[in-house]
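Below you'll find the structure, written out as structure tokens, and then a few comments.
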Amino acid sequence: MREGPEEKTLLEDVPWPDEPPVMLPGETYGTVTDTIADAVLTRPIGLGWLSGFLVAGFFVMVLLVAVTYLFIRGVGIWGIEIPVAWGFAIVNFVWWIGIGHAGTLISAILLLLKQTWRNSINRFAEAMTLFAVACAGMFPVLHLGRPWLAYWLFPYPSSMGVWPQFRSPLVWDVFAVSTYATISAVFWYVGLVPDFATMREKAKHPLTKKVYGIFAMGWRGSARHWKRYESLYILLAGLATPLVLSVHTVVSFDFAIAVIPGWHTTIFPPYFVAGAIYSGFAMVLVLAIPIRKYYHLESLITMRHLQNSAKVMLATGLIVAYGYFFETFIGMYSGSTYERFMLQNRWFGPYAPMYWALILCNILIPQLLWIPKLRSNTAFLFLVSLDILIGMWLERFVIVITSLSRDFLPSSWGHYTATRWDWAVFTGTLGFFSLAMFIFIRIMPAISIFEMRQLLPESEVKAE
Amino acid sequence: MKQALTTPIYGLMAEFENSTELVKATKAAYAAGYRKMDAYSPFPIDEASEALGFHKTRVPLIVLVGGLLGGSGAYALQYWINCISYPLNVGGRPWHSWPAFIVPTFEMTVLFGGLAGVFGMFALNGLPMPHHPVFNVDEFARVTRDRFFLCVEAADPQFDVVGTMKFMQSLNPLSISEVPH
């Protein structure tokens with residue numbers, strides 16, 4: 001979108017002297033276009049990309065094997081059993097969908113808040129959202145037991161005469177996640193159309209030209225088209241903002257609406273949303289730091305972007321810490337034996353190491369981000385982001401497994417251990433996600449070109 | 001193309017170096033009475049569409065209608081299913097347990113609003129349109145990079161090749177080209 005002159009993020013516009021700029025000086029329309037488009041069009045396939053692609057491809061094969069075996073044998077190959085019937089599938093579902101949230105936050109919420117620094121990271125953050133939602137969507141379907149009947153979840157007039165049960169949060173999930181996936185995909189595509197037009201003009205090979213041309217739909221940059229385009233873009237952002245908040249809220253309802261100790265709590269929606277954004281920004285940094293280095297995009301993805309992401313992580317991390325604190329407080333304060341036992345079980349029970357590791361990864365280590373010197377160290381940011389991703393995965397593990405394995409009746413307690421097939425599916429989706437990202441950065445402009453042109457001071461229309 | 005039958009060329013196109021020049025030229029052309037024209041740029045410029053006299057789009061209305069249809073449709077569907085077609089007693093809750101219906105209603109509002117907006121925007125823009133006469137001008141390829149164009153169409157009642165050419169020269173463009181059909 002376009003901002004008025006006073007809100008524009010100019011190259012020299014820095015809040016205080018040692019704040020790094022949004023874009024390094026010396027860029028013009030041409031250099032911005034070339035830097036981003038040439039990474040796709042003229043850069044040869046390097047050894048680094050190829051080996052990453054092959055490793056990711058290997059894990060996609062692992063996923064295919066694991067899913068095939070799952071279809072043959074059923075969910076019994078996983079560690080799930082009664083009482084822990086949710087296991088890795090739901091842990092991974094919540095983790096992946098949370099990662100997706102940062103993409104929408106960056107592309108929609110920061111757009112509405114006129115944070116123009118988002119322009120160089122929104123494109124691949126949106127791609128990340130899309131692929132993360134694809135990974136997330138696999139898990140509930142695989143977990144169904146009879147995944148080929150997944151379409152029963154949708155309300156359609158069936159010959160059986162039955163309909164979905166709309167009072168169940170699991171049905172809400174279907175609506176929330178499928179809407180989220182669709183809106184994220186169209187938002188991403190709409191953002192890409194003008195850039196596909198750039199690629200169409202820059203491509204040399206006639207076939208490449210044609211393919212980009214098809215996706216550009218004949219975009220010609222007409223002022224009337226831009227006007228409608230901008231209007232739609234801001235409206236989509238406005239729709240995506242409550243949508244992204246609703247998605248993780250609905251996911252948290254899967255837990256909060258149940259009566260299981262440790263799940264039945266009203267703090268879940270805000271604390272799930274904050275946790276989602278927390279892990280999502282961690283994934284943005286895990287992707288952005290290598291991409292900017294490998295493709296020499298340091299002048300477009302500057303330290304400002306990395307530091308701002310770190311600050312968002314710090315803020316959302318504190319909200320998550322507040323959530324943990326209140327979970328504990330309410331558990332004690334409620335006077336419920338089961339809630340108190342749930343806490344004891346988390347702290348000293350069979351999964352206690354996971355709980356303490358989660359506190360270490362999610363609350364203690366990220367506090368180092370307060371130190372400005374560490375915030376400007378890319379290697380450190382990368383490691384902290386990995387640490388947060390692990391921590392957020394552990395959080396979902398602790399929520400799902402500890403509560404289910406020991407609920408009300410000691411006679412029905414159980415123990416959950418993941419099998420190698422659980423791990424195969426999980427690492428397989430990691431491979432799928434990475435493979436999709438590797439393909440994405442090779443065939444599409446990883447940074448929004450037209451929005452970067454808008455950041456240049458020369459894009460300003462000067463009054464006579 | 002209707003004009004193809006009545007005019008020998010599609011129009012005249014002037015090339016500019018920056019957004020300020022483009023907006024200035026568009027304003028001048030509008031003041032000179034030209035209406036059938038369009039400005040082309042590598043990124044959105046609010047002032048350009050304003051200068052063309054194009055102030056309002058119907059995209060927000062389409063999004064609103066789509067969202068309302070999606071939301072009310074989703075609510076009506078849930079009401080019909082849970083109260084009429086397939087009443088199901090779940091834990092003694094009322095059949096019309098409306099708070100539970102809000103989540104799918106909200107999601108469908110967003111889905112239909114968003115999709116209506118996207119399809120509406122492309123439809124109003126007349127896209128996909130793989131070819132357009134402006135692409136016949138070689139310089140025009142740079143509109144997706146770093147150049148700005150103003151095209152006055154031959155279909156404009158005020159258009160005449162010599163007079164419009166003279167007018168365009170007064171705008172100090174980098175180049176002027178005839179746009180063949």
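Residues A:178, A:159: which one is of a type in the set (Ser, Thr, Tyr), surrounded by fewer than 24 Cβ atoms within 10 Å (Cβ to Cβ) and within 24 Å of the chain's Cα centre (by Cα)?
Testing whether each residue is of a type in the set (Ser, Thr, Tyr), surrounded by fewer than 24 Cβ atoms within 10 Å (Cβ to Cβ) and within 24 Å of the chain's Cα centre (by Cα) leaves just A:178.
With respect to residue A:150, is the statement that it is surrounded by 20 or more Cβ atoms within 10 Å (Cβ to Cβ), touching a Pro at 6+ places or on another chain (Cβ under 9 Å) and either under 21 Å from residue A:96 (Cα atoms) or among the polar types (S, T, N, Q) (or both) true?
For residue A:150, the condition - surrounded by 20 or more Cβ atoms within 10 Å (Cβ to Cβ), touching a Pro at 6+ places or on another chain (Cβ under 9 Å) and either under 21 Å from residue A:96 (Cα atoms) or among the polar types (S, T, N, Q) (or both) - is not met.
Pick out the one residue from A:178, A:168, A:184, A:158 that is touching a Leu at 6+ places or on another chain (Cβ under 6 Å), hydroxyl-bearing (Ser, Thr, Tyr) and more than 7 Å from chain B (Cβ to nearest Cβ).
Within the list A:178, A:168, A:184, A:158, the selection yields A:184.
Test residue A:231 against the stated conditions and say whether it is crowded, with 23+ Cβ neighbours inside 10 Å and polar (S, T, N, Q).
Judged against the criteria, residue A:231 is not a match.
Would it be correct to say that residue A:172 is of a type in the set (Phe, Trp, Tyr) and over 26 Å from residue A:235 (Cα atoms)?
no
In the stretch B:96-113, how many residues are under 18 Å from residue A:187 (Cα atoms) and more than 9 Å from chain A (Cβ to nearest Cβ)?
Residues flagged as under 18 Å from residue A:187 (Cα atoms) and more than 9 Å from chain A (Cβ to nearest Cβ) within the stretch B:96-113 amount to 1.
Only one of B:34, B:30, B:75, B:10 is more than 7 Å from chain A (Cβ to nearest Cβ), touching an Asp or Glu at 6+ places or on another chain (Cβ under 9 Å) and over 28 Å from residue A:196 (Cα atoms); which?
Within the list B:34, B:30, B:75, B:10, the selection yields B:34.
Could you give every pair whose Cβ atoms fall below 6 Å, whose first residue belongs to the stretch A:172-200 and is part of a helix (DSSP H, G or I), and whose second residue is acidic (Asp, Glu), counting only separations of at least 6 or pairs across chains?
Listed by first residue and then by second, the contacts come to A:175/B:107; A:176/B:107; A:179/B:107; A:188/A:126.
What about residue A:245, is it among the hydrophobic types (A, V, I, L, M, F, W, C), more than 8 Å from chain B (Cβ to nearest Cβ), surrounded by fewer than 24 Cβ atoms within 10 Å (Cβ to Cβ) and more than 28 Å from the chain's Cα centre (by Cα)?
When the stated conditions are applied, residue A:245 does not pass them.
Could you go through the stretch A:126-135 and let me know if any residue there is within 30 Å of residue A:414 (Cα to Cα) and either among the polar types (S, T, N, Q) or modelled with pLDDT of 90 or more (or both).
Yes; the residues of the stretch A:126-135 include at least one that is within 30 Å of residue A:414 (Cα to Cα) and either among the polar types (S, T, N, Q) or modelled with pLDDT of 90 or more (or both).
Please work out if residue A:191 is more than 7 Å from chain B (Cβ to nearest Cβ), within 20 Å of residue B:45 (Cβ to Cβ) and of a type outside the set (A, V, I, L, M, F, W, C).
Yes: the conditions hold for residue A:191.
What's the number of the condition residue A:210 fails, among (1) more than 8 Å from chain B (Cβ to nearest Cβ); (2) closer than 24 Å to residue B:108 by Cα?
All conditions are met except number (2).
Suppose we keep only residues that are loosely packed, with under 14 Cβ neighbours inside 10 Å and not in a helix (DSSP H, G or I) within the stretch B:120-133. Which one would you say is farthest from the other protein chains (Cβ to nearest Cβ)?
Only one residue fits best here, namely B:126.
Show the residue pairs meeting these rules: Cβ distance below 6 Å; 6+ apart or different chains; first residue within the stretch A:47-62 and aromatic (Phe, Trp, Tyr); second residue in a helix (DSSP H, G or I).
A:53/A:438; A:59/A:427; A:59/A:428; A:59/A:431
Those residues that are more than 7 Å from chain A (Cβ to nearest Cβ) and in contact (Cβ under 8 Å) with a residue 60 or more places away in the chain, I need them from the stretch B:37-59; list them, please.
B:37, B:58
Given the residues A:284, A:312, A:251, which is the only one that is surrounded by 24 or more Cβ atoms within 10 Å (Cβ to Cβ), away from chain B (no Cβ under 14 Å) and not in a loop (DSSP other than H, G, I, E, B)?
Exactly one residue qualifies, and that residue is A:284.
Which ranges mark the helices (runs of 4 or more DSSP H) fully within the stretch B:14-119 that have 2 or more residues being among the β-branched types (Val, Ile, Thr) and either within 17 Å of residue A:234 (Cβ to Cβ) or assigned by TED's automatic domain parsing to the domain that holds residue B:163 (or both)?
B:19-31, B:59-79
Among what's in the stretch B:84-95 and is more than 7 Å from every other protein chain (Cβ to nearest Cβ) and out of contact with any Pro (no Cβ under 9 Å at 6 or more places or on another chain), pick the residue that is farthest from residue A:257 (Cα to Cα).
Within the stretch B:84-95, the match that is farthest from residue A:257 (Cα to Cα) is B:84.
The values are calculated or read from the model by the stated rules, or taken from the named source; none is laboratory data. Just so it is clear, the structure is predicted and the values come from calculations on it, not from any experiment. Because the Cβ atoms are built from the backbone with ideal geometry, glycine has one as well, and the counts that use them run over all protein chains shown.
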